[in-house]
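K.L.:
Got a structure here, written out as structure tokens. Questions coming.
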Amino acid sequence: MQIRPETGADHESVERVQELAFADARIPTLVSTLRTAAAPLPPVSLVASVDGQVVGHVMLSASRLDAPRRLVDVYVLSPLGVLPDFQRQGIGTRLVEQALAAARDVPLVFLEGSPAYYGKRGFTGAVALGFRAPSLRIPEPAFQVAPMPPYEPWMTGTLVYSAPFWDLDCVGLR
Ligand SMILES: CC(C)(COP(=O)(O)OP(=O)(O)OC[C@H]1O[C@@H](n2cnc3c(N)ncnc32)[C@H](O)[C@@H]1OP(=O)(O)O)[C@@H](O)C(=O)NCCC(=O)NCCS
């Protein structure tokens, strides 16, 4: 299994992987929109491939933290998906690990997800660190963050998702 940045030739497979992983047509559209959206940080889009087949995908895209001192550019990790037949083989874990490695120059990486899964993979509850979720529909334990080397304690406040998440109603998936 190889983890590598996606290329233009992977776009169709990536969107298929996310559609099958989430069974939700909004998720592949979210990926294609985030790829080309104007953003203060470049998106990071990594694929896991096995024998040349794309079987997993993770994306980081820029959002903002509304901190008291100033707006801070941060990453949101979303979506993460692995084809059902390839789940539980460590592929998701490797994708998260490589996504965090690619985010080391950005202060914070936020996500919504299971604390049982992400708590073992570098993330911690965001509310306890002084962050406020972008929607009341996100249960507190699901709102998680991974502080990166440039993080400083004054960086608290509300996470404001980038426009594609709102446009596609992908905040706090209903
Ligand atoms: C979540 C997901 C990315 C994990 O990928 P993966 O390659 O299977 O994960 P790994 O093999 O690295 O990790 C295995 C862990 O995930 C759990 N897991 C994997 N697939 C699971 C599933 N379908 N349902 C519940 N738990 C699952 C395993 O129980 C295991 O837990 P442990 O760490 O306590 O042992 C994958 O299941 C997926 O694509 N799910 C659908 C989309 C989704 O929900 N994405 C995350 C949204 S935040």
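The values are calculated or read from the model by the stated rules, or taken from the named source; none is laboratory data. Here the structure is a predicted model, which means the values were calculated and not measured. When we count neighbours, we look across all protein chains shown, and the Cβ atoms used for this are built from the backbone with ideal geometry, even at glycine. Heavy atoms of the whole protein, side chains included, go into the accessibility calculation; ligands, DNA and RNA do not. Shrake-Rupley method; radii C 1.70, N 1.55, O 1.52, S 1.80 Å.
K.L.:
Only one of L95, L34 is crowded, with 16+ Cβ neighbours inside 10 Å, over 20 Å from L173 (Cα atoms), under 12 Å from the mean Cα position of the chain (by Cα) and within 16 Å of the ligand (Cβ to nearest atom). Can you tell me which?
P.N.:
L95
K.L.:
From the set of residues in the range 63-92 that are under 17 Å from Q53 (Cα atoms) and assigned to a strand (DSSP E or B), which is farthest from the chain's Cα centre (by Cα)?
P.N.:
Across the range 63-92, the extreme among qualifying residues is V82.
K.L.:
Out of the range 37-70, which residues are loosely packed, with under 14 Cβ neighbours inside 10 Å and free of Cβ contacts under 8 Å to residues at least 60 places away in the same chain?
P.N.:
Across the range 37-70, the qualifying residues are A38, P40, P42, D51, G52, Q53, R70.
K.L.:
Does the range 98-136 hold any residues that are within 14 Å of the ligand (Cβ to nearest atom) and open to solvent by 30 Å² or more (accessible area, probe 1.4 Å), and which are they?
P.N.:
Matches in the range 98-136: Q98, E112, S114, P115, A116, Y117, G119, K120, R121, G122.
K.L.:
Still on this structure, please answer the following. Do any residues in the range 108-130 that are free of Cβ contacts under 8 Å to residues at least 40 places away in the same chain and of a type in the set (G, A, S) have Cβ atoms under 6 Å from those of residues that are open to solvent by less than 30 Å² (accessible area, probe 1.4 Å) and in a strand (DSSP E or B), where the two are at least six apart or on different chains, and which pairs are they?
P.N.:
G122/A146; A126/F143; A126/Q144; A126/V145
K.L.:
Also: Right, L80: modelled with pLDDT of 95 or more, open to solvent by less than 20 Å² (accessible area, probe 1.4 Å) and closer than 13 Å to V58 by Cα or not?
P.N.:
So L80 does not fit the description; no.
K.L.:
Any idea which of L34, L71, L60, L65 is closer than 30 Å to W154 by Cα, touching a Lys or Arg at 6+ places or on another chain (Cβ under 6 Å) and of a type outside the set (D, E, K, R)?
P.N.:
L71
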